[in-house]
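Everything on this sheet refers to the single structure shown next.
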Amino acid sequence: SSIGFIRVDRGYIDDESFEQELRICRVTNPAAVYIDPDSIEPDGSDAKFAFVFDEITQADFKERWPEENPLSFADEESQKPKPEDMVVIAEYFYIEETEEEYGLLEDGKKEKVTKGKKYKTKRKIIKRVVHHCKLSGDAILESTILPGKYIPIVPVYGEEAWENGKRKLFSLIRKSKSAQRMYNLWKS
């Protein structure tokens, strides 16, 4: 499919600890991930949003969110017939950006700009907050703010080519398919 994904997550170091560590997790179904199509950086650091779809049983849904209705989130996969006991939920990551002005004091310290105070120099910065929500078809099931400033879904691209200002992605074998078909034809 020319694209895969890696997920950056966090977890406790061991069962008795309160210390956490970052974990690199694989995404087994890259078709269940939708990342900002305007993102062009190879690590996805400029992505403003991402969706990750997952199927769970209605029993698991009711156990985790007993007050909510087990209604599937509407994605292309959920339009296909599913077993009656399966529910599609969506994880939604998005970036909220705010612009702030900071100033550098004479002693080298930096702070938010306040009126009437003298600064050596000033600059505007963009503060990024990463939001993470779990959604069903009609409710926000969970909502948290994640540490960091990037969406924790990292794209892994195959070969990338730009033609007329548009990006085209190629998998490892895409360009060899025609040659293989011709070989198979002559062998048979």
Simple spin-label estimate for residue 3 and residue 118 in nanometres, 7 Å along Cα-Cβ: 5.3 nm
Region 132-173, Cα convex hull volume normalised per residue, Å³: 156 Å³
Of 135, 121, 88, farthest towards positive along the dipole that unit charges on Lys, Arg, Asp, Glu beta carbons give region 38-135: 121
Crossing angle, helix 177-187 versus the chain [Cα axis fit, 0-90 degrees, rounded to tens]: 20 degrees
Spin-label model distance (nm) - residue 181 vs residue 64, 7 Å beyond Cα toward Cβ: 4.1 nm
Probe 1.4 Å, protein heavy atoms only - accessible area per residue of the chain in square angstrom: 73 Å²
Anisotropy class of region 108-180 from Cα gyration tensor, a/c 1.5 cut: oblate
Two-decimal Rg/Rh across the chain, once Rg and the Kirkwood Rh are taken from alpha-carbon atoms: 1.11
Region 1-80: C-alpha gyration tensor shape, a/c 1.5 cut-off, then a/b vs b/c: oblate
Relative packing of peptides 2-9, 84-91, 58-65, 108-115 - highest average C-beta neighbours within 10 Å first: 84-91, 2-9, 58-65, 108-115
Simple spin-label estimate for residue 17 and residue 132 in nanometres, 7 Å along Cα-Cβ: 1.8 nm
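The values are calculated or read from the model by the stated rules, or taken from the named source; none is laboratory data. Quick caveat, the model's predicted, so the values are computed rather than measured. Methodologically, a virtual Cβ is constructed for each residue, glycine included, from the backbone with ideal geometry; neighbour enumeration extends over all protein chains shown. Please note that ligands, DNA and RNA were not included when accessible areas were found on the heavy atoms of the full protein model with its side chains. Shrake-Rupley method; radii C 1.70, N 1.55, O 1.52, S 1.80 Å.
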